[in-house]
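A short write-up of the structure that comes next.
Read-outs: derived from the displayed coordinates by stated rules, not from any lab. Here the structure is a predicted model, which is why all the values come from computation and not from measurement. Cβ: placed from backbone, ideal geometry, glycine included. Neighbour counts: every protein chain shown.
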Amino acid sequence: MTTLTVSLPEALTAYLQEQIAAGHYNTADDYIQALIRQDKAQKEHLEPLILEGLASGDAKPITTADWDTIRTTLDQNRPDRS
């Protein structure tokens, strides 16, 4: 494992300490590692999807009829529907 020294402004240090105190992370190392994993996942998963969407062509506006169909479909598929 590699050791990395990071300098943070006081406001970010306070935020990091709040996250640890709240029990979201055990150590600053855990928090930094989680941020890096999230960034990596975003670049590997989200960015290609965004690029695919951009390359898919012009967007088609949703009409009132489209929204009505969406609402009807959602209502029919609600789990609490008798």
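At a glance:
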| item | result |
| --- | --- |
| Among Ala55, Leu8, Leu35 the positive-end extreme of the charge dipole of the chain (Cβ point charges) | Ala55 |
| 0 to 90° range, to nearest 10: angle between helix 64-76 axis and the chain longest Cα axis | 80 |
| Cα centre as origin, Lys/Arg/Asp/Glu Cβ charges: the chain dipole, Debye | 180 |
| Computed over the chain, the ratio Rg/Rh where both radii use C-alpha atoms and Rh is Kirkwood | 1.24 |
